[in-house]
Amino acid sequence: MTAIPNPDLRPDVQQVIGACPHDCPDTCSMVTTVSNGVAIKVHGNEHHPATGGVLCTKVSRYTERTYHRERILNPLRRIGPKGAGQFEEVSWDVALSDIAARLQSIASSGPRGAEAILPYSYAGTMGLVQGESMASRFFHRLGSSLLDRTICASAGGEGLVHTLGAKVGMRVEFFAEAKLILIWGSNSIASNLHFWRHVQTAKRLGAKVICIDPRKTETADKCHEHIALKPGTDAALALAMMHGLIAHDWLDHDYIARYTVGWEALRARALEWPAERAAQICGISIEQVNSLTQEYGLAAQTKAPAAIRMNYGMQRVHGGGNAVRAIACLPALTGAWRQRGGGVLLSSSGYAPIEKAQLHRPDLLGGRKPRTLNMATLGGDLRKPTSEEFGPAIQALIVYNSNPVAIAPDSTQVVSGFEREDLFTVVLEHFQTDTADYADYVLPATTQLEHWDVHASYGHTDVLLNRPSISPLANCMTNTDIFRKLAQRMGFEETCFSDDDLALCKIAFGNAVNFSELESSGFVKLPLEEAPFASGNFPTPSGKCELFSQRLADAGLDGLPNYIANYEPAVEGSPFPLAMISPPARNFLNSSFANVESLQAIEIEPLLEISPGDAYSRNISDNDVVRVFNARGSYRCRARVSNRARQGVVHGLGIWWRKMGLDGTNVNELTSQKLTDMGRGPTFYDCAVQVEKSAV
Ligand SMILES: Nc1nc2c(c(=O)[nH]1)N[C@H]1C(S)=C(S)[C@@H](COP(=O)(O)OP(=O)(O)OC[C@H]3O[C@@H](n4cnc5c(=O)[nH]c(N)nc54)[C@H](O)[C@@H]3O)O[C@H]1N2
Ligand SMILES: Nc1nc2c(c(=O)[nH]1)N[C@H]1C(S)=C(S)[C@@H](COP(=O)(O)OP(=O)(O)OC[C@H]3O[C@@H](n4cnc5c(=O)[nH]c(N)nc54)[C@H](O)[C@@H]3O)O[C@H]1N2
Ligand code: SF4
Ligand SMILES: [Mo]
């Protein structure tokens with residue numbers, strides 16, 4: 001272990017600089033204090049500006065999570081029925097040999113045998129090394145099915161790519177200089193805390209802050225205005241804003257002429273969206289639409305920087321990609337990009353110079369072209385038999401950095417897939433999650449304190465190094481080592497399988513980052529422009545902001561952004577008249593931390609927020625147990641009658657482990673496997689339900 005010398009500490013105490021591994025835009029620099037080989041606390045690195053010395057409540061409990069008495073410390077082999085969570089401890093040798101033999105036999109069972117094996121992973125750790133480095137190499141060499149990692153951000157990501165050219169946007173620190181901030185589809189205080197610090201600075205300097213979110217979140221509470229539109233209607237609002245900008249000529253004609261393509265076509269589209277039309281669709285007042293447009297338009301006229309922080313909340317619906325496209329067009333129309341405190345930010349991950357080909361080694365496919373399966377439709381795919389169209393039925397599933405039984409949509413389907421007796425499932429985990437309960441083997445993985453990694457961020461533009469601060473607990477092993485050892489047992493002899501983790505850390509950014517600087521301070525700033533699109537230079541094919549996207553048109557889609565109604569419009573009088581969204585609970589990170597007692601104590605239990613009116617008409621009182629249901633499933637939890645919910649919308653705050661729910665289910669029992677307009681993403685927040693009072 002290499003530690004940072006600190007003369008103020010006792011000789012047996014050291015501080016080690018790492019990085020928070022979680023799926024969060026903030027990617028904090030995290031300092032671990034270690035005494036005699038034991039991590040005693042973590043805190044935010046005060047020298048890293050984006051972290052500012054502060055970690056969120058969840059990750060401040062990282063040592064509690066690491067040393068949790070339920071950490072899996074040894075390889076486990078299933079001895080009970082699938083899902084029962086009954087296991088026996090086995091040695092690594094037994095586990096790895098058996099797994100390798102099983103994979104070998106499936107791979108050699110036919111010409112497309114290897115494709116019957118599916119890796120399933122997401123961002124349990126955002127680390128580039130413990131994420132997709134050695135794992136991807138292993139699966140590429142094996143020729144298994146590929147995974148389309150769509151579960152979170154692919155609709156919005158594509159919307160952004162087809163407008164700005166990449167996942168790029170404003171530098172987060174310059175939100176502090178904005179005079180108008182729209183927080184659009186994001187509960188920043190819960191899920192992007194370090195961005196909120198910049199909002200507070202801007203507020204102190206006189207900025208107006210408006211939150212656009214169906215839920216009255218803790219962030220909405222602290223904004224000057226809150227526009228509680230119906231889920232899935234954001235594109236209508238953005239188009240009506242364009243209509244108003246045109247009507248009042250609050251446009252930057254010079255910027256539009258020089259740096260955009262498709263303005264005439266978009267102008268014609270926007271003129272179909274008077275405020276009344278959008279207000280009706282969004283379920284808000286015409287005045288709200290007009291005053292939002294006025295704020296945005298007048299900011300531009302007075303050269304006051306106007307900044308939009310979108311987050312992924314709005315793109316988990318049928319028209320999610322189009323919604324992001326519509327909003328991402330706005331700053332080009334007013335020329336807000338001209339100032340560094342103006343523009344839009346959804347994700348900054350496109351700035352990171354990641355050497356993906358070197359890390360993942362797709363060349364190991366050697367010309368093979370395995371099928372790609374979508375992680376958002378796992379439930380359906382696990383139940384498909386072998387067919388010409390689908391290829392071989394899935395026979396083995398290797399899960400790492402993800403908890404699909406809890407987080408994937410339509411869980412009745414997911415669970416019935418995982419229950420298949422003929423499916424061989426391996427889960428690399430820290431804890432006995434819902435998914436681990438269905439495993440044939442659970443393999444104990446290391447946490448961020450126990451391994452090396454490097455990180456890029458999707459909320460700021462620094463890269464970070466994570467040094468291990470303690471040795472792996474008991475028999476835990478890094479994800480990379482597990483795949484290295486499996487590769488060895490499968491007879492994969494390429495030298496890339498012997499790269500150690502530090503070598504992988506160096507490969508990740510190649511020459512784009514000075515590794516010794518990264519080693520000494522724990523983070524490196526990428527050299528980027530302050531106002532990236534002040535003079536155009538969008539990374540699109542045309543080099544301009546693509547109001548009209550030829551690429552989308554060529555793909556048979558609408559080249560202009562449009563409003564696309566939800567699949568499940570939740571209209572009054574229908575069997576499922578309430579729109580359910582299921583945004584994350586503040587003190588969990590997706591399903592991670594749901595088992596950390598001190599955080600559970602804050603969130604208490606799974607809740608459904610429902611508006612007083614919708615509760616009253618159903619005879620539901622606060623704290624009643626309710627049944628939330630639709631044609632896909634049924635889920636019981638406690639009702640919280642609250643003004644946080646607008647009429648017609650309920651919030652099933654997530655993501656609790658299924659086994660912590662009243663009937664062993666969670667919100668994803670109700671969500672569907674339908675996909676977004678772009679990016680093949682899931683539609684978690686496009687979900688109509690009914691709610692009724694239930695017996696306890
Ligand atoms: N504490 C905490 N932080 C997290 C996470 C977590 O689970 N917990 N998750 C992390 C992950 S994986 C991600 S992807 C990021 C981003 O996470 P996001 O999914 O963007 O999460 P939120 O910031 O909660 O923002 C979603 C907000 O969008 C609102 N919303 C839902 N539907 C709509 C809609 O149709 N239109 C609009 N305008 N708003 C809508 C919700 O009410 C919610 O307040 O956060 C990360 N940070
Ligand atoms: N209803 C509903 N469902 C949702 C969402 C929603 O808003 N509503 N949000 C969606 C979104 S945005 C996302 S990103 C997904 C998130 O879904 P997932 O990416 O599956 O995220 P988590 O639920 O946090 O599960 C990550 C798991 O990885 C494990 N893990 C962490 N680090 C390591 C490691 O180093 N090695 C190994 N082997 N394991 C590790 C953790 O213990 C944890 O169990 O969920 C989606 N599901
Ligand atoms: S979860 Fe986000 S806010 Fe919390 S420590 Fe990690 S990066 Fe920072
Ligand atoms: Mo996510």
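The values are calculated or read from the model by the stated rules, or taken from the named source; none is laboratory data. Just so you know, these numbers come straight off a predicted model, no measurement behind them. Note that each Cβ is placed from the backbone with ideal geometry, even for glycine, and that neighbours are counted across all protein chains shown.
Among the residues of segment 294-310, are any of a type in the set (Lys, Arg), at pLDDT 95 or above, more than 28 Å from residue 141 (Cβ to Cβ) and in a helix (DSSP H, G or I)? Checking segment 294-310: not a single residue is of a type in the set (Lys, Arg), at pLDDT 95 or above, more than 28 Å from residue 141 (Cβ to Cβ) and in a helix (DSSP H, G or I). Could you figure out which of (1) away from ligand 1 (no atom under 12 Å from the Cβ); (2) closer than 21 Å to residue 179 by Cβ; (3) touching a residue at least 60 places away in the same chain (Cβ under 8 Å) isn't true of residue 327? Failing condition for residue 327: (1).
Give the residue, chosen from 581, 655, 602, that is surrounded by fewer than 18 Cβ atoms within 10 Å (Cβ to Cβ), under 24 Å from the mean Cα position of the chain (by Cα) and β-branched (Val, Ile, Thr). Every option except 602 fails the conditions.
Residues that are within 16 Å of ligand 2 (Cβ to nearest atom) and not in a helix (DSSP H, G or I) were ranked within segment 134-154; the one that is nearest to the chain's Cα centre (by Cα) is 152. Of the strands (runs of 3 or more DSSP E) lying entirely inside segment 547-661, the ones with 1 or more residues being within 16 Å of ligand 4 (Cβ to nearest atom) are found at 578-581. Being surrounded by 15 or more Cβ atoms within 10 Å (Cβ to Cβ), more than 16 Å from ligand 4 (Cβ to nearest atom) and either over 22 Å from the mean Cα position of the chain (by Cα) or closer than 21 Å to residue 401 by Cα (or both) is a property that residue 24 lacks.
All conditions in (1) without any contact (Cβ under 8 Å) to a residue 60 or more places away in the chain; (2) near ligand 1 (Cβ under 9 Å from one of its atoms); (3) not β-branched (Val, Ile, Thr) hold for residue 215, with the sole exception of (1).
Screening the candidates 428, 397, 449 for the property of being under 16 Å from residue 592 (Cβ atoms), more than 16 Å from ligand 4 (Cβ to nearest atom), of a type outside the set (Asp, Glu) and touching a Ser or Thr at 6+ places or on another chain (Cβ under 6 Å) yields one hit, 449.
Does residue 79 qualify as being under 27 Å from residue 21 (Cα atoms), loosely packed, with under 15 Cβ neighbours inside 10 Å and free of Cβ contacts under 8 Å to residues at least 60 places away in the same chain? Considered against the rule, which asks whether it is under 27 Å from residue 21 (Cα atoms), loosely packed, with under 15 Cβ neighbours inside 10 Å and free of Cβ contacts under 8 Å to residues at least 60 places away in the same chain, residue 79 comes out as no. Scan segment 103-131 for residues that are within 31 Å of the chain's Cα centre (by Cα), away from ligand 4 (no atom under 16 Å from the Cβ) and not in a strand (DSSP E or B) and the total you get is 7.
Count of segment 313-370 residues, restricted to those that are assigned to a helix (DSSP H, G or I) and within 26 Å of residue 523 (Cα to Cα), is 8.
Conditions (1) surrounded by fewer than 18 Cβ atoms within 10 Å (Cβ to Cβ); (2) within 30 Å of residue 542 (Cα to Cα); (3) in the same structural domain as residue 324 (by TED's automatic domain parsing); (4) not polar (S, T, N, Q), marked per residue:
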position: 268; (1), (2), (3), (4): yes, yes, yes, yes
position: 286; (1), (2), (3), (4): yes, no, yes, yes
position: 294; (1), (2), (3), (4): yes, no, yes, no
position: 300; (1), (2), (3), (4): no, yes, yes, yes
position: 308; (1), (2), (3), (4): no, yes, yes, yes
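Selection of segment 238-280 for residues being over 21 Å from residue 549 (Cα atoms) and among the polar types (S, T, N, Q) yields only 280. The residues of segment 205-246 that are more than 16 Å from ligand 2 (Cβ to nearest atom) and on the phi > 0 side of the Ramachandran plot amount to a single one, 206.
What are the pairs, 6+ residues apart or on separate chains, where a residue within segment 547-558 that is crowded, with 16+ Cβ neighbours inside 10 Å has its Cβ under 8 Å from a residue that is acidic (Asp, Glu)? Cβ pairs passing all conditions: 552/558; 557/677.
Residues being away from ligand 3 (no atom under 16 Å from the Cβ), touching a residue at least 12 places away in the same chain (Cβ under 8 Å), aromatic (Phe, Trp, Tyr) and under 25 Å from residue 350 (Cα atoms) are represented in segment 177-196 by at least one member.
Count, please, the residues in segment 155-189 that happen to be of a type outside the set (D, E, K, R), farther than 19 Å from residue 225 by Cα and part of a loop (DSSP other than H, G, I, E, B). If you could, list the steps in order and put the result at the bottom.
Within segment 155-189, the subset of a type outside the set (D, E, K, R) is 155-157, 159-166, 168-170, 172, 174-176, 178, 180-189.
With farther than 19 Å from residue 225 by Cα added as a condition, the list becomes 155-157, 159-166, 168-170, 172, 174.
Still in the list and also part of a loop (DSSP other than H, G, I, E, B): 162-166, 168-170.
Here the count works out to 8.
All of 619, 595, 587 fail the test of being touching a Leu at 6+ places or on another chain (Cβ under 6 Å) and assigned by TED's automatic domain parsing to the domain that holds residue 667, apart from 587.
Screening 336, 332, 326 for residues that are crowded, with 24+ Cβ neighbours inside 10 Å, in contact with a Cys (Cβ under 7 Å, 6 or more places away or on another chain) and either assigned by TED's automatic domain parsing to the domain that holds residue 198 or among the aromatic types (Phe, Trp, Tyr) (or both) leaves exactly one candidate, 332. Of the listed requirements (1) crowded, with 20+ Cβ neighbours inside 10 Å; (2) modelled with pLDDT under 95; (3) touching a Cys at 6+ places or on another chain (Cβ under 9 Å); (4) more than 30 Å from residue 354 (Cβ to Cβ), residue 589 misses just one: (4).
Within segment 587-599, residues that are within 10 Å of ligand 3 (Cβ to nearest atom) sit with their Cβ atoms under 6 Å from residues that are part of a loop (DSSP other than H, G, I, E, B), at 6+ positions apart or across chains, in these pairs: 589/22. Filtered by the rule that a residue be out of contact with any Ser or Thr (no Cβ under 9 Å at 6 or more places or on another chain) and more than 14 Å from ligand 3 (Cβ to nearest atom), segment 39-77 gives 67, 68, 69, 70, 72, 73, 76, 77.
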